[in-house]
Every structure is written in C-alpha cells, then in structure tokens.
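Colleague: Provided herewith is a single structure, encoded as structure tokens, for subsequent inquiry.
Each reported figure results from applying straightforward, stated rules to the coordinates on display, with no laboratory input. Keep in mind the model is a prediction, meaning the values are calculated, not measured. With ideal geometry, Cβ positions are generated from the backbone for all residues, glycine too; neighbour counts draw on all protein chains shown.
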Amino acid sequence: MTTAAISDQINILPEVANKVTANMSPPEIVRWAADTFGPRLIMTSSFGAESMCLIHMATRAIPDIPIVFINTGYLFPQTLLFMETMRRQYRLNILEFHTEHDPIVWLSVNGEPDPRTRRDVEACCRANKNSVFDRAMQSLAPAAWLRGIRADQSAHRSQMQTLEANRRTGSLAISPLLRWTTKDIHQYMRHHDLPYHPLWNEGYTSIGCNPETCTRPLTAGEDSRDGRWSGMDKKECGIHLDQGAGI
Ligand code: SF4
C-alpha cells in the first residue's frame, strides 16, 4: 500500500470504523481489525499486569501477529522474565526494540546520578521510550496497531476513541479494550485462565519502568494508574500521544 493510500485510509476510516465497530465486543473488534488489515496489523504490549488479555484476543485472530515490546533498559526484571515466559508458553512473535545508546551511560551523561529515581522524567521518556517507539513504528510501517489502553485509566484516555488516526505513526490506533472496566478485564483473564504479571499481586496494577519515581505499588483507595509518576502531573509516557512525551 502506498503512503498516499494509507493517508487516505486514516482520513476516512476512524469515523466510519468507529460506527461499524460501535456495538462490537473487544474480541470482535480485534477480529474485525485482523480481517480488515491482515498482515499490516501489529500490536504493542508492555507485558504489564493485564497485558495477556489483549494478547490472547489478538493471537486468536492472528497467531503470529507482531507484538512490539519497547525495552527502555529500565524495566523490572520480573517484566523481562514474564515476557520471555509468555513468549515461549504461547509462541508469541515478540519484536523487542531497544535504545541505540547504553541506558546506564545515558543516565550518567544526562544528569541522572541515581538509577532508582529520575530528575527529568520527560527527557528520559523521550530518549528511552518514545524515540524507540518511533523507530519501531517507522521500521514496521503498520496500517493499524492494537493497544491495550482503557478509558477508566485517566482523564486523557477517557476522551479517546476506539479507532483514531495517529499522525505520528501514519496508522490507525485501535484500542479494543477502551470501554472495558477493570472488572471486565479480570473476568476475561479468569475465564481464559490467563497469567498476570508477577508484580500484580504486590499491588502494581500499572507497571512501567522500575525507578520509584516512575512505578510504585498502589495503596488502598488509589486508582489503577496512581502508582505511575506518583506526585507528578505526568500521566503518560507519551507513546499513546500524537506528539510524544508530554502529559
Ligand atoms: S518511565 Fe521513567 S525510567 Fe522509563 S523511560 Fe520514562 S522516565 Fe525513564
């Protein structure tokens, strides 16, 4: 497909496709995306707490769907072990993308003396997550990508549509789980006997990088993403924003 054709598609499809998929369940949306985009459909996953829910739906539709995994270099060892275990257990086609620099050296030359914290989370997310994501999407050039975000995770996400034209990647961003609640996710996980990330039992309901400024376990009464960049205005690493790191 030419760049112009993709451009036409993302101009037209979101309005039409949001109507077409409006009454579909998440597995039906995934199936529709697989039928519509075929081998030009990919997905992203952080292999976080509930990630196996969308991976299960996607691999039922396309068993070898490319699963983009962004490795910032600062992930929990439990995440890497979980990802490798799932890769083998479910024969997942995981495409792992890394930074082109050494992540430890990056800290020392960018004014970050303590690897357990970050002074400048925007600079770190930009260099170690968003630039890697952009390179991954440029090299794969998908027509559409599945992502696991949900409306109840933040005020920003509550404003999103299930299908959105993503100018940054030149593709359609599809969020099949957008209208599902945490309860819906857990019901699906239980019904299909899917494994959770090992840190989920320790209160990590949203799992990103391991610095304590970036991910901490929840305390009673907090929302699922309150443990991310706790105490800061930052709510997103940036890969789900058209403009990159920023809120
Ligand atoms: S989440 Fe934290 S450690 Fe990970 S890239 Fe962003 S600022 Fe850096």
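Colleague: Hey, can you tell me all the residues within the stretch 203-223 that are hydroxyl-bearing (Ser, Thr, Tyr) and either exposed (fewer than 14 other Cβ atoms within 10 Å of the Cβ) or more than 16 Å from the ligand (Cβ to nearest atom) (or both)?
Modeller: Scanning the stretch 203-223 gives a single hit, THR219.
Colleague: Do we have any residue at all in the stretch 197-212 that's part of a loop (DSSP other than H, G, I, E, B) and over 26 Å from CYS124 (Cα atoms)?
Modeller: Scanning the stretch 197-212, I find no residue that is part of a loop (DSSP other than H, G, I, E, B) and over 26 Å from CYS124 (Cα atoms), so the answer is no.
Colleague: Being polar (S, T, N, Q), surrounded by fewer than 21 Cβ atoms within 10 Å (Cβ to Cβ) and in a loop (DSSP other than H, G, I, E, B) is true for just one of GLN78, GLN161, GLN138. Which residue is that?
Modeller: Result of the check over GLN78, GLN161, GLN138: GLN161.
Colleague: Just to check your reading of the model, which residue among TRP145, TRP229, TRP180, TRP200 is aromatic (Phe, Trp, Tyr), touching a strand residue (DSSP E or B) at 6+ places or on another chain (Cβ under 6 Å) and surrounded by 14 or more Cβ atoms within 10 Å (Cβ to Cβ)?
Modeller: TRP145
Colleague: Every residue in the stretch 84-102 that is of a type outside the set (Ser, Thr, Tyr), under 20 Å from CYS237 (Cα atoms) and without any contact (Cβ under 8 Å) to a residue 40 or more places away in the chain, please.
Modeller: GLU96, PHE97, HIS98, GLU100, HIS101, ASP102
Colleague: Among the residues of the stretch 103-122, which ones are out of contact with any Asp or Glu (no Cβ under 9 Å at 6 or more places or on another chain) and either near the ligand (Cβ under 10 Å from one of its atoms) or in contact (Cβ under 8 Å) with a residue 12 or more places away in the chain (or both)?
Modeller: Matches in the stretch 103-122: PRO103, ILE104, PRO115, VAL121, GLU122.
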